[in-house]
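We did not get these values from a lab; they are worked out from the coordinates using the rules stated. Everything numeric here is computed off the predicted structure, so don't read it as measured data. Every residue, glycine as well, gets a Cβ built from its backbone with ideal geometry; the counts of neighbours run over all protein chains shown.
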Amino acid sequence: MDNCREYLENLCSYVDGEVDDSVCREIEKHLAGCPDCRIMVDTLRKTVRLCREGKEEPLPEGLKARMEAILEKKWKEKFGKDEG
Amino acid sequence: MNEKELVLAARGGDRDAFNELISNYTDRIYRLAWKLSGNQEDAEDIFQETFLKAVDNIDSFRLESSFGTWLYSIAMNVMRTCFAKRKRMQLGPIEDYMPDHANGANSKLLDWGDPHDLFENEQLREMIDSFLSKMSPENSTPFVLRYMEDMPVKDIAEVMDLSVPAVKSRILRARLALRENLTEKFREKKDG
Ligand SMILES: [Zn+2]
């Protein structure tokens, strides 16, 4: 294939399993003969995999309590003192 | 109570109903704000502002979308205002991210291998977070929602008020840019 750039948009959809069978076959045919596009597919896949792994950022100390206090105040402003 | 009943109760002043509605989203919205802003202070401001606006506007929520979609839309608006002042890296068109290469045997792209052989998990996470927080939010936001929050593309389109193709194109550019950035880091490490 002369122009791999044309494949680029489809490569991402291909990695996410979102292309039609016919496009899929076309891409696989191209991949078989193009090491660079194979690396592109592999690294695009790993990019998302790396984003998904690792532990989540913990919530800061006291954030929920601060939030609760602010919401409580707001709620009273809006609905009056009577709750429930 | 189902979601609709909870919303109606909250509109009538039932604080517990409101708490139940937001309970699934507090952690997620904080983490989203943290990833997109890159710092705790902005993340906390965004977090609080989002829920305060939700209280303010609960009467105007017409149940046309899910509560979550509505809440994320509010968060999007809060973030847009917060990020408007900051200069961020704009991403180029998709074509810019495919390096020229000869067809056939002479591969010029870096084969990553296993990135964990090059960097600790913590360092990888730090690189990704740092790059995403520098990226223009129009690209980083849909990317983070899609791949870190697992939100379907059509929901992202709704909360960002964009078309599905526009969302897809922004996600793609973010992904390509991040791939390229990581490739540079891995190359430096391999060469050095
Ligand atoms: Zn190719």
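From largest to smallest, what semi-axes in whole angstrom does chain B give when each is the square root of 5 times an eigenvalue of its alpha carbon gyration tensor?
Listed largest to smallest, the semi-axes of chain B are 38, 17, 14 Å.
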*Which whole-number percent is the relative contact order of chain A (Cα, under 8 Å, 6+ apart)?*
22
*Give me a single rounded figure for B:129-141: the average over its residues of other chain Cβ atoms within 10 Å of their Cβ.*
0
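Strictly greater than 20 Å: what percent of every Cα pair in segment B:1-61 meets that?
On the way: 577 of 1830 pairs.
When all Cα pairs of segment B:1-61 are counted, 32 percent exceed 20 Å.
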*asked:* Need one value for B:28-36: mean number of C-beta atoms belonging to other chains within 10 Å of its residues' C-beta atoms.
replied: 2
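Determine, for each peptide in B:130-141, B:110-121, B:147-158, the mean count of other beta carbons within 10 angstrom over its residues, then list the peptides with the highest first. Before the final figure, lay out the partial values.
Values: B:130-141: 20.2, B:110-121: 13.9, B:147-158: 16.4.
Sorting B:130-141, B:110-121, B:147-158 by mean packing, highest first, produces B:130-141, B:147-158, B:110-121.
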*asked:* In segment B:177-192, whose amide N lies under 20 Å from the spot 7 Å out along Cα-to-Cβ of residue B:123? List them in ranges.
replied: B:178-192
_I'd like to know which of A:58, A:14, A:39 lies farthest towards the positive end of the charge dipole of segment A:1-69, counting +1 on Cβ of Lys and Arg and -1 on Cβ of Asp and Glu._
A:58
_Approximate shape of chain A as ellipsoid semi-axes (Cα gyration tensor, √5λ), whole Å, largest first_ = 52, 16, 9
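Quick one: length gained pulling residue A:21 to residue A:53 fully straight, 0.36 nm per residue minus the C-alpha distance? Present the calculation step by step, with values, prior to reporting the outcome.
Values: separation 32, 0.36 × 32 = 11.52 nm, distance 2.96 nm.
Net length gain for the segment: 8.6 nm.
Mind giving me the FRET efficiency for residue A:72 and residue B:81? R0 is 22 Å, r the Cβ-Cβ distance, nearest 0.05 is fine. Provide the component values of the computation, followed by the final result.
Working: r = 24 Å, r/R0 = 1.11.
Efficiency at R0 = 22 Å is approximately 0.35.
Assign one of three labels to the protein assembly as shown, namely rounded, prolate or oblate, based on the Cα gyration tensor with a ≥ b ≥ c the square roots of its eigenvalues; rounded applies when a/c is under 1.5, prolate when it is not and a/b is larger than b/c, and oblate otherwise.
Working: a/c = 2.89, a/b = 2.03, b/c = 1.42.
Since a/c reaches 1.5 and a/b is larger than b/c, the shape of the protein assembly as shown is classed as prolate.
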*Rounded, prolate or oblate: which fits segment B:99-192, taking a ≥ b ≥ c as square roots of the Cα gyration tensor eigenvalues, rounded meaning a/c under 1.5, else prolate when a/b beats b/c?*
oblate
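Order these by the 10 Å Cβ neighbour count, fewest first: B:56, A:20, B:42.
Working: B:56 13, A:20 10, B:42 18.
By the 10 Å Cβ count, ascending: A:20, B:56, B:42.
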*Cut-off 16 Å, label 7 Å out along Cα→Cβ of residue A:3, residues of segment A:11-45 by amide N*: A:11
